[in-house]
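Written below as structure tokens is the structure these notes are about.
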Amino acid sequence: MEEERAVLRHGKVEHPLEVFVGTEGESGLDIGRLLSSTGMVALDYGFANTAWCRSAVSFVDGNVGALRYRGYPIEQLAEHSCFLEVSYLLFHGELPTLAQLAEWREAITVETLLDEGMRQMFDACPREAHPMVLLSAAVTAMGAFHPELESTLAAEQAAIHLLAKVPTAAAFSYRRSRGLPYAYPRRSLDYCSRFLQMTFSVPGEEYEVDPVAARALDVLLILHADHEQNCSTSTVRLVGSSRATVFASVASGVNALSGPLHGGANQEVLELLQQIHADGGNYAKYLARAKDREDTFRLPGFGHRIYRSYDPRAGVLKTFADQLVTRQAGQDPLLEIALALEQTALTDDYFIERHLYPNVDFYSGILFRALGFPTRMFPVLFALGRFPGWIAQWKEMTEDPETRIGRPRQVYVGSPQRDYVPVHERR
Ligand code: CMC
């Protein structure tokens, strides 16, 4: 890592600032002493210009549409790797050997059962509850069932515990919402087949694994596994910076992910496509609404804070969506609407000028639907994929000696000081 310097001139005074250059050439101005040297804070809504950590987990080049985990391009990982190997890579920093991967897979497989008390927790929640709420509650509760895993010294055991039990909790949240009895994990299955079995198996019937569906889900999870300092990952780090446990931190990640501008967008995309279909396929109406400044409607699945070109994850998913949807159900009318909507938006000046391209959520919803999931489960599937990233980022943060509790500043715009007036004297 090279170090350079920059100078901030304010009035007649010059303030030297260190420039930190990362391994991919992007640089950061170190403003850690800005307040003490200038008396000013940096004002940056939405942290659009603020790097608040050094991280070696993943890298996004928004200009060319590239995403790499620990240096490996996601296209290569999606084609040749599997989700558990990617989880190992994110957590440990290096790809595993054959023996290490077998050990990691075995450790996760034997942990898949949920504690019995957790089942009662699911039963106690209303059937109408959003599955993201149930998932978040389950992850928080895992700390209560296993306090021995709350220490940072047990980070690897906690990671294994979470990666093993989160799919079971996700499947339970689905079955609870359908009023179905819970299906316990079949250890002989691979990670994604097991999740599909726990979700979709019919009581009294032998579940038959569909290898194409299991592989599609595996690729989907790989593509969601990490994405730099996005809203939920920053939330995990912020919560963890107070030395909250890994369970408390990643449960906060689930909550942050549930919003429609983040992991909830895939659900919104599908609902929009269904609405357009019901509307006779009139997508132009919704494009016009998205462009109307008076209308708060945004086209879900389009735009990104970082990507100024096609989201590479959407590129991989588009190919998969085509294959899976065609194979399973003939031509899906929603896929056709999605393709037409995408083509029109890509040639529209409004979208071109603002560099608005489809993001990962645009096609993931169609794929999740083709796999048989209801729309309310889509954010849960996003979360399932994101856990390895959250855990790796949490671990990196706890091990970084530079970590301080996250505590942003503000520029106060409220009332200046004034004196209290007793209520009976107020007019
Ligand atoms: N539809 C219509 N206009 C949009 C959209 C959209 N989806 N996204 C951004 N814009 C416009 C926005 O109105 C603004 O226009 P103007 O310059 O005229 O004011 C301009 O583009 C820049 O937008 P921004 O709000 O400054 O961008 P942001 O970086 O703050 O927000 C975003 C990023 C992803 C929240 C936003 O693009 C959005 O709301 N997209 C729809 C929701 C979505 O798909 N979210 C999933 C993101 S990818 C998965 C993940 O990592 O979470």
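A compact table of results
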| item | result |
| --- | --- |
| Phi-based couplings in Hz for region 311-322 (Karplus 6.51, -1.76, 1.60; Gly and Pro marked x) | 5, x, 5, 5, x, 5, 5, 4, 4, 5, 4, 4 |
| In order through region 386-398: 3J(HN,Hα) via Karplus (6.51 cos²θ - 1.76 cosθ + 1.60), integer Hz, x for Gly, Pro | 7, 3, x, x, 4, 5, 5, 5, 4, 5, 4, 5, 5 |
| Sequence ranges 214-222, 102-110, ranked by mean other-Cβ count within 10 angstrom, highest first | 214-222, 102-110 |
| Net lengthening on full extension, residue 319/residue 23 (0.36 nm per residue, minus Cα-Cα) | 103.4 nm |
| Degrees, to the nearest 10: 231-240 long Cα axis against longest axis of the chain | 70 |
| Distance between modelled label sites at residue 157 and residue 63, nm, 7 Å Cα→Cβ extension | 4.7 |
| Stretchable slack from residue 271 to residue 298, in nm (0.36 nm times residue separation minus alpha-carbon distance) | 8.4 nm |
| Residues whose placed amide H lies under 5 Å from that of residue 15, excluding near-sequence neighbours | 8, 9, 10 |
| Calculated [θ] (222 nm, deg cm²/dmol) that DSSP helices of n ≥ 4 give over the chain, each run adding -39,500 (n - 2.57) | -16000 deg cm²/dmol |
| Nearest-ten-degree value, helix 83-92 long axis tilted from longest Cα axis of the chain | 30 |
| Contact order relative to length of the chain, as percent, for alpha carbon pairs under 8 angstrom and 6 or more apart | 20 |
| Gyration tensor over alpha-carbon atoms, the chain, equivalent ellipsoid semi-axes in Å | 36, 29, 25 |
| 13 Å Cα-Cα reach of residue 395 towards aspartates and glutamates, excluding residues that sit fewer than 8 places from it in its own chain | 150, 156 |
| Packing rank of 156-162, 341-347, where each peptide gets the mean count of other beta carbons within 10 Å, highest leading | 156-162, 341-347 |
| Tensor-based shape of region 2-51 (alpha-carbon gyration tensor, a/c under 1.5 rounded, otherwise prolate or oblate) | oblate |
| Residue 410-residue 242 FRET efficiency (beta carbon distance; Förster radius 22 Å; 0.05 resolution) | 0.75 |
| 5 angstrom amide H check on residue 65, placed H, neighbours 5+ away | 308, 309 |
| Rg and Dmax of region 149-234, Cα atoms only, in Å | 15.0, 45 |
| C-alpha long axis of helix 333-346 to longest principal axis of the chain, angle in ° | 30 |
| Cα gyration tensor shape for region 265-370, rounded if a/c is under 1.5, else prolate or oblate | oblate |
| Derived scalar couplings ³J(HN,Hα) [region 18-23; Karplus, 6.51 cos²θ - 1.76 cosθ + 1.60; whole Hz; x for Gly, Pro] | 6, 10, 9, 9, x, 6 |
| Lys, Arg +1 and Asp, Glu -1 on Cβ, resulting dipole of region 2-51 about Cα centre, debye, nearest 20 | 400 |
| Potential lengthening between residue 400 and residue 421 on full extension [0.36 nm per residue; Cα-Cα distance subtracted] | 2.7 nm |
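A short reminder: the numbers here are calculations on the coordinates, not readings from a lab. For clarity, every value in this text was computed on a predicted model and none was experimentally measured. As a convention, Cβ positions derive from the backbone with ideal geometry for all residues, glycine included, and neighbour counts pool all protein chains shown.
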